[in-house]
1. Look through VAL50, VAL102, VAL11, VAL86 and report the one residue that is buried (at least 19 other Cβ atoms within 10 Å of the Cβ), β-branched (Val, Ile, Thr) and either farther than 28 Å from THR233 by Cα or away from the ligand (no atom under 16 Å from the Cβ) (or both).
2. Are any residues in the range 111-125 over 16 Å from SER158 (Cβ atoms) and touching a residue at least 24 places away in the same chain (Cβ under 8 Å), and if so, which ones?
3. Within the range 168-218, can you find the residues that are of a type in the set (Gly, Ala, Ser), in contact with a Ser or Thr (Cβ under 7 Å, 6 or more places away or on another chain) and within 22 Å of SER107 (Cβ to Cβ)?
4. Within the range 1-8, is even one residue more than 16 Å from TYR180 (Cβ to Cβ), among the β-branched types (Val, Ile, Thr), out of contact with any Pro (no Cβ under 8 Å at 6 or more places or on another chain) and within 16 Å of the ligand (Cβ to nearest atom)?
5. Scan the range 167-194 and report the pairs whose first residue is among the small types (Gly, Ala, Ser) and whose second residue is surrounded by fewer than 13 Cβ atoms within 10 Å (Cβ to Cβ), with Cβ atoms within less than 7 Å and a gap of 6+ or a chain change.
6. From ASN119, ASN150, which residue is in a helix (DSSP H, G or I), in contact with a helix residue (DSSP H, G or I) (Cβ under 8 Å, 6 or more places away or on another chain) and not aromatic (Phe, Trp, Tyr)?
7. Of the residues PRO271, PRO292, only one is within 13 Å of SER5 (Cα to Cα) and either in a loop (DSSP other than H, G, I, E, B) or modelled with pLDDT under 95 (or both); which?
8. For the range 239-272, what are the residues that are of a type in the set (S, T, N, Q) and away from the ligand (no atom under 16 Å from the Cβ)?
Amino acid sequence: MEDISIMYHYVRAKDWKGINPLEPERFAEQIDILHKSYEIVSPEDLQKPVGLKPRCVLSFDDGTKDQYTNAFQIMKSKGVPGYFTVMSGPLKEGVIPVFHLVHILLSNHSDEEVWEDLNKLYDLKEVPKLSGIYNYEQNIYRRYNKYALNFFLTESQSKNYLTDKALKIFGSSENLIDQYYVNKEEFMEMKNQGMTIGVHSCNHNSFFGDGEEFYKLEIEPCAKFLKSEMNITPNWYTPAFGGGNNYKEMFRALEPILKENGYKGAFATTPGKNKGLSNFWLNRYDCINVPPFKPIGD
Ligand SMILES: [Zn+2]
């Protein structure tokens, strides 16, 4: 019998322009459907021999507030466990990763507004003819904005613009972090209610070359934060962006380091089934690629 794990990001209304937001009603429906064929378990349970049904772990990345206000409340009411991860950068250092700033911008302003706005600040007349890599974007302003923010402007110009826009919405970075991310008390409450808490990253960097260095920069400080602030010793890890383009190199480089530091397994973004903990890196299906949206394995 083969186990599965499902990957979730935002569990909130469809009008949110972030990675595949899943509506709370669909999430509740999905749990009920999965429950018929799978036992919904915490990662620790994968160590046990399999029972009558194969197992399914519900796993959550990025620690955004909707995971506490929507996903956790639904899971609590249905009595199912799950695995949530912490990104310590926002909570510990007050640093918000760029991809979240982009989601905030695009969910609060139209692409046309953003394009007009950017043109007031920078000379972007070269952008339309350079932006061909984003031809797949139907909206030409989105195409221009993406090229301008990801390639044309410097990293600090983009980050300053995005931060400025986000702060106009939230008032201050403290408010933004408080409203956008699950906080320490909420994570502790989730843990006390049977949820597993693991490490996602410090600043959501994808894997770069050196395993030891990456561990020291992106994993260890988050684990220390969990220990000192919430008295949680994490045993599970979920790499940011699934490791990015270098994920195979990451699997090889980080596995021995993570094992040495007490980790029992890690959740990748490669789709596929699992057999207990026979592999350290567990495959995951995105929540939109399982019922009620698609049959498992398609
Ligand atoms: Zn992430």
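The values are calculated or read from the model by the stated rules, or taken from the named source; none is laboratory data. Small disclaimer: the values here were computed from a predicted structure and weren't measured. Every residue, glycine among them, receives a Cβ derived from its backbone with ideal geometry; neighbour counts consider all protein chains shown. Areas reflect the complete protein model, heavy atoms only, side chains present, ligands, DNA and RNA absent. Shrake-Rupley method; radii C 1.70, N 1.55, O 1.52, S 1.80 Å.
1. Answer to the selection: VAL102.
2. GLU112
3. Matches in the range 168-218: none.
4. Scanning the range 1-8, I find at least one residue that is more than 16 Å from TYR180 (Cβ to Cβ), among the β-branched types (Val, Ile, Thr), out of contact with any Pro (no Cβ under 8 Å at 6 or more places or on another chain) and within 16 Å of the ligand (Cβ to nearest atom), so the answer is yes.
5. From residues that are among the small types (Gly, Ala, Ser), the pairs are SER173/GLY94.
6. ASN150
7. Only one candidate passes the filter, namely PRO271.
8. ASN261
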